[in-house]
Amino acid sequence: MRMAASTAMLCGVVAACDEEFPVGITGTPLPAGPITVEVEIPWSDFASNLEVFGGYGSPEDLGVGFVANQFAGTLDARTLIRYPGYPQAVTVRDTTGAQRPDSSITGIGGRLVAFFDTLASTNTGPVTLGLGRVQQEWDPTTATWTAAIDTINDTRAWTEPGAGPVLVVDTAVWDPASGDSVVFMLDSADVAAWADTLDLSRGGRIESFDPGPRLQISQTRLRLDVRPASNPDTIAELTVSPRSTTFIYAPFPDPPPDGVRIGGAPSWRTILDVAIPAQITGPPEFCAEVGCPFEIEPGQVSFAALKLTSRTTDAAFQPTDTVRLDVRPVFDRASMPKSPLGGSLVGAALGRAVAPDAFGSSPGVVIEIPFTSFARDLLRGEDENGNEPPGTLALLSVFEPLSIAFASFEGPGSALEPVLRLVLTIGPDMELP
Amino acid sequence: MMSRLVRFNVGALAVGLAVCGLAREATAQSVFNAAGLGVPSEALDGRSRALGSMGIGLPGGAFMPTDPAALGRLAVATGVFANQPSWVDYSAEGGPSGSFQGNRFPLMGLAYPVFDGMMSLQVGSFLDQNYTDSRTGSVDLSTETVATNDEFVQDGSVSNLNLGYAQTLGTDVSVGLTVGRYAGTIVRTLTRTFGEEIAADVNSYVERGRWAYSGYHLTTGVSATLTDRYHVAASVQIPSDLDAEAQDDTDGGDRTFSLPVQYRAGVSATYGPVLFAASAVLADWSDTQSDLTGSVQAGSANGFGLGVEFSRARLWGRDAPLRFGYRRSTLPFSFDTNDVTERIYSGGVGLALNRTNDITLAAVDFAVERGRRWAGGIAENFWRATLSFQAAGF
């Protein structure tokens, strides 16, 4: 009996533990609804001090190569590759038929296979390419068209701009109609030259002999032909992946004097100071709805975004793939270009995606880069941690670098200058019924 | 002295309450909570619920703020606790239908002999105000039309903390006085969210207000036993205004609501093992109308209840009176000019867990109610259980 009574009591209490609010039905009084209105604020009322900085990251970080010869009439680009040490053994079948590793091998030649990104490459027909051996010490991270090494206290120029001169290894023709790769033949001297890992000049240079297109090399592989001592009648093939792949190009673009630039390799960032106006006095249609002057409260900002209008990028650097834009707070403007940045404000893992045509054949596309939480913090004067929010934003590529190409937008002073789009939700004070 | 049985059941109840404690704050149980100041919530025990009582007029000691004089009939120090889960199905003509459930603790209290009478400290519910609602819409922006959803949540209630004293005059008459303070808070939150038509990083709009309730009431009552057969009781509750003071950074203003004087009366008659009970309540809330906004209507909240108890029933060798009841009343607030009517059929059983010399040291009272509330095209049917536990002598 005790158990039954206790169980009944327990069940009675627990049975309705799952609390649910009564649901309003037809006729239920609701507080007056807020209104949601939109306003665009011109550049001069919310932003200032736009500045473009370059040099973020290295082309080596991309892990791909570009080759071009007077692409768009201006751009020359070459790909530099360095391979690590070769494998020291190969597994072969000996005279008894057993498989065993043989570390006594001799390189007799090989091939360098280059694979192309057919979508990112601009050619439609065959292109003649050349492979050469670099002749002077170079640094994959800092090499540019003019500098073989550009590190602290060690700056060395190429003997000939463009990583030259080189010892010609081979030429080959890549025809996208026949595949996505091209093969350069190597002789034993070439293979031997790249085997010494202490030689800082080792490396290959791929260039284009045909003017016009810009090709993107997605990866390369070294296929080595080796002869094992244990079975000299057999030729084995070893595959080597590159340790570094980078590209050099010229001319290097100057910062735009009047616009916004984002992306490229090394990457460009655009910095601007932002101050959300606490009071809005126009336009008339906005004032007609909410009354002016209107004091903005942080909680009323439902959406804030920088509206940028795309413009045509220099032909040599026009994107051929989707550009992904990001916006981050700059913690210390005075320390630019080295100021640390805050987290992404866009709210999308891959940033704001923009089709490449917006910077080529179809300029004038309006792109919104949202930063609602940041705008609220600016109005409030503190972020969620109670810290004063920085008043500077950086527009940049989600990944730096992502491509040799970069995005361009109209800047201040243009008829299509950036504007701030605010979507405000304004409701009456909450009152009791 | 508490028997093992009592201790065991108290333990089970504690376990249940601890489990419930992990859930949200106890919430209310009617769609009509959304009207005006909400739905009155009476602090009644299981016996009164089973008998359809308005909380007055039953013989014996009781522990309800609606019957202050009944406190004087308690013989020893006593504690009471009531738990009330409910399950509600609602519907509206041409509108939505659905269900929800909730759990409340309408009555908790302690009484202890002081001087020649009995003093009590009670916490009881008064008005339930919880509800949620939403509406959808759209906003035309320059680049897109964006769907909106306004979610409104009202989370609050008014309770009262009562200090009572009652004393018997002679053997047949008892008088009682209770002074109570209204307390509680209400939080009203409207949240507008936007559809996915607009780009990422859209923040919701939130408008919130929080108010704290305060006020006082004085309740006095008298009960008398006429011969051994009849028992009559009456009480009147005189409240102050109910003040709602805006808290924190609430932009909304303070408010004051008029509360009505409530009159209660009850009578019971015993014929052998059968008890008949009747009770009624009168309360005119119409003065509150001027304090409200919108189309909500305030009116009278009158009602009556009838019940019968068969006391010879036994369960597991112990007294276990069977009870049945019926009550009908109106609610003070409605969405429009249609009054809200409540009708309840009830039944229940009591179980005296421990009795000594005609003094019940521990008892459990259980009631089940099947009710309906309706107004215009809106109706809700509900099941409601009330389990109250009363222990004495500790």
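The values are calculated or read from the model by the stated rules, or taken from the named source; none is laboratory data. From a predicted model like this one, the values you see are computed outputs, not experimental measurements. Reconstructed Cβ throughout: ideal geometry from the backbone, glycine too, with neighbour counts over all protein chains shown.
Before moving on, here are some points about what is shown:
- Annotation: residue B:24 fulfils all but one of (1) at pLDDT 90 or above; (2) in a loop (DSSP other than H, G, I, E, B); the unmet one is (1).
- Complete set of residues in the stretch B:315-358 that are more than 12 Å from chain A (Cβ to nearest Cβ), surrounded by fewer than 14 Cβ atoms within 10 Å (Cβ to Cβ) and at negative phi: B:355, B:356
- Every listed requirement among (1) touching a residue at least 60 places away in the same chain (Cβ under 8 Å); (2) surrounded by 15 or more Cβ atoms within 10 Å (Cβ to Cβ) is met by residue B:374 save one, (1).
- Verdict on residue B:153 being away from chain A (no Cβ under 14 Å), assigned to a strand (DSSP E or B) and either touching a Ser or Thr at 6+ places or on another chain (Cβ under 8 Å) or surrounded by 15 or more Cβ atoms within 10 Å (Cβ to Cβ) (or both): no
- All conditions in (1) modelled with pLDDT of 95 or more; (2) farther than 30 Å from residue B:172 by Cα hold for residue B:247, with the sole exception of (1).
- Per-region count, the stretch B:78-93, residues over 28 Å from residue B:387 (Cα atoms) and at the interface with chain A (Cβ under 7 Å from one of its Cβ atoms): 1
- Within this structure, residue A:159 fails the test of being without any contact (Cβ under 8 Å) to a residue 24 or more places away in the chain, exposed (fewer than 14 other Cβ atoms within 10 Å of the Cβ) and among the β-branched types (Val, Ile, Thr).
- Failed item, numbered, when residue A:324 is tested on (1) buried (at least 23 other Cβ atoms within 10 Å of the Cβ); (2) of a type outside the set (A, V, I, L, M, F, W, C); (3) more than 12 Å from chain B (Cβ to nearest Cβ): (1)
- Residues within the stretch A:225-237 that are under 21 Å from residue A:187 (Cβ atoms) and touching an Asp or Glu at 6+ places or on another chain (Cβ under 8 Å), tallied: 7
- Among the candidates A:139, A:150, A:180, the residue that is among the acidic types (Asp, Glu), under 21 Å from residue A:64 (Cβ atoms) and either touching a helix residue (DSSP H, G or I) at 6+ places or on another chain (Cβ under 6 Å) or crowded, with 17+ Cβ neighbours inside 10 Å (or both) is uniquely A:139.
- Meets criteria (at positive phi and buried (at least 22 other Cβ atoms within 10 Å of the Cβ)) for residue A:263: yes
- Check on residue B:32, within 14 Å of chain A (Cβ to nearest Cβ), at pLDDT 85 or above and assigned to a strand (DSSP E or B): no
- Checked against the criterion of being at the interface with chain B (Cβ under 7 Å from one of its Cβ atoms) and either at pLDDT below 90 or touching a strand residue (DSSP E or B) at 6+ places or on another chain (Cβ under 7 Å) (or both), the candidates A:19, A:60 yield just one match: A:19.
- Among the residues of the stretch B:286-303, those identified as away from every other protein chain (no Cβ under 14 Å) and more than 17 Å from the chain's Cα centre (by Cα) are B:286, B:287, B:299, B:300.
- Check on residue B:191, part of a strand (DSSP E or B) and either over 18 Å from the mean Cα position of the chain (by Cα) or farther than 30 Å from residue B:273 by Cβ (or both): yes
Residue-by-condition table, conditions (1) in a strand (DSSP E or B); (2) of a type in the set (Val, Ile, Thr); (3) without any contact (Cβ under 8 Å) to a residue 12 or more places away in the chain:
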| site | (1), (2), (3) |
| --- | --- |
| A:191 | no, yes, no |
| A:195 | no, no, no |
| A:212 | no, no, no |
| A:216 | yes, no, no |
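- Complete set of residues in the stretch A:295-318 that are more than 13 Å from chain B (Cβ to nearest Cβ) and in contact with a Lys or Arg (Cβ under 9 Å, 6 or more places away or on another chain): A:313, A:316
- Matching option when the condition is more than 18 Å from the chain's Cα centre (by Cα), buried (at least 16 other Cβ atoms within 10 Å of the Cβ) and assigned to a strand (DSSP E or B), among B:236, B:267: B:267
- Whichever residue in the stretch B:117-145 is assigned to a strand (DSSP E or B) and within 8 Å of another protein chain (Cβ to nearest Cβ) and, among such residues, is surrounded by the most Cβ atoms within 10 Å (Cβ to Cβ): B:131
- Residue selected from the stretch B:200-220 under the condition outside any strand (DSSP E or B) and surrounded by 20 or more Cβ atoms within 10 Å (Cβ to Cβ), by the criterion farthest from the chain's Cα centre (by Cα): B:201
- Looking at A:240, A:301, A:226, just one residue is in contact with a Phe, Trp or Tyr (Cβ under 7 Å, 6 or more places away or on another chain), buried (at least 16 other Cβ atoms within 10 Å of the Cβ) and of a type in the set (A, V, I, L, M, F, W, C), and that residue is A:240.
- One residue stands out in the stretch B:243-264 among those that are aliphatic (A, V, I, L, M) and more than 17 Å from residue B:178 (Cβ to Cβ): the one that is surrounded by the fewest Cβ atoms within 10 Å (Cβ to Cβ), namely B:246.
- Among residues of the stretch A:327-338, those that are over 24 Å from residue B:204 (Cβ atoms) and touching a residue at least 40 places away in the same chain (Cβ under 8 Å), counted: 6
- Some residue of the stretch B:158-175 being within 14 Å of another protein chain (Cβ to nearest Cβ) and small (Gly, Ala, Ser): no
- Within the stretch B:180-203, considering residues that are without any contact (Cβ under 8 Å) to a residue 40 or more places away in the chain and among the β-branched types (Val, Ile, Thr), the one farthest from the other protein chains (Cβ to nearest Cβ): B:187
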